[in-house]
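Below you'll find the structure, written out as structure tokens, and then a few comments.
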Amino acid sequence: MTKFNPKIIPEGINSTPENPLVDFLKLIAQLIPMVLIVYFLLDWGTRWAFSFISLKQEVQMGTYILKKNELKDGNKNAPMQSLVDALWLPFKNQDSPAPHGLVIEEAYANAFMAPGGILQVTTTLVNQSKSENELSFVVCHELGHYFHRHALTRLSRSLVLGLISALLGLGSDNGALNLGIELGELTYSREQESEADRFALSCLNSKYGHIQEFDTFFKKAAQAEGLTNLKVLQYVSTHPIPENRIDELIALGRNNNFKFHGDLKQHNLK
């Protein structure tokens, strides 16, 4: 009977001869193109699907959200809603009703346009605005987001990023993923902000016949504590540099022969 003599297993037989870091980098290099392809396909698909949602349907969504979350306060927001209606009037038709104007309690000056046509203006912005013209430019800016469907586009992109995160098995607590998403969104947001600025200047001119006070909020943001206040940086970080925005709007105003000075109107929202 032949005696079986097992061979000695060489040390490191299950290990790759290459450095593990090199293997990891190769894996990442293969994974990135796949993720990008999936991202662009999903992004295109959701944009295409969302393009069938009309502004009227978007506002109906906003009405549902308002009722569901009990955000609506008729007495508090009636003056803001009146201002929104007046500014939106030149752009209104049966398929594009005015969004809902809300005043919310916040310690910093800003305004937001959420999906569904929900415009939120902070009490600090209202209280710090010296004239209706100053406040109206910011409101017009948010109406520009609504007009160009930016909120719906952002919602679409958020869904795509959420799907990719789920496919990769990454949760919302993944710091690297969140950082990548935030950096990717900055450029996209700046493009949206510039487009909304251009709309706002035309909106302001349509309402008052001039564009005085269009730059007041930008100057305040640039001067506030030398841009060291985190509440100010929260605004500036996702917007173009205030000085650049002013220069671009001055050029736009001149090209359109807008009047830069005129009578100012006091608002009644305080």
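The values are calculated or read from the model by the stated rules, or taken from the named source; none is laboratory data. Since the model is a prediction, treat every value here as computed from it, not as a measurement. Neighbour counts run over all protein chains shown; Cβ positions are idealised from the backbone, glycine included.
Quick rundown of the values:
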item	result
Options LYS68, LYS56, LYS72, LYS92: the member that is surrounded by fewer than 17 Cβ atoms within 10 Å (Cβ to Cβ), more than 24 Å from LYS265 (Cα to Cα) and at pLDDT 75 or above	LYS56
Close pairs from region 100-119: first among the aliphatic types (A, V, I, L, M), partner assigned to a loop (DSSP other than H, G, I, E, B) and surrounded by fewer than 20 Cβ atoms within 10 Å (Cβ to Cβ), Cβ under 8 Å, at least 6 apart	LEU102/LEU71; LEU102/LYS72; LEU102/ASP73; ILE118/LEU71
Pairs where the first residue, in region 120-134, is in contact (Cβ under 8 Å) with a residue 60 or more places away in the chain and farther than 21 Å from GLY144 by Cα and the second is surrounded by fewer than 19 Cβ atoms within 10 Å (Cβ to Cβ) and not acidic (Asp, Glu), C-beta under 7 Å, 6+ apart	ASN127/LYS270
Residues that are surrounded by 22 or more Cβ atoms within 10 Å (Cβ to Cβ) and farther than 18 Å from ILE211 by Cβ, drawn from region 132-151	HIS145, TYR146, ALA151
Within region 213-270, helices (runs of 4 or more DSSP H) holding 1 or more residues that are modelled with pLDDT of 80 or more and under 22 Å from ASN127 (Cβ atoms)	216-223
Selection status of GLU195, of a type outside the set (A, V, I, L, M, F, W, C), part of a helix (DSSP H, G or I) and at pLDDT below 90	no
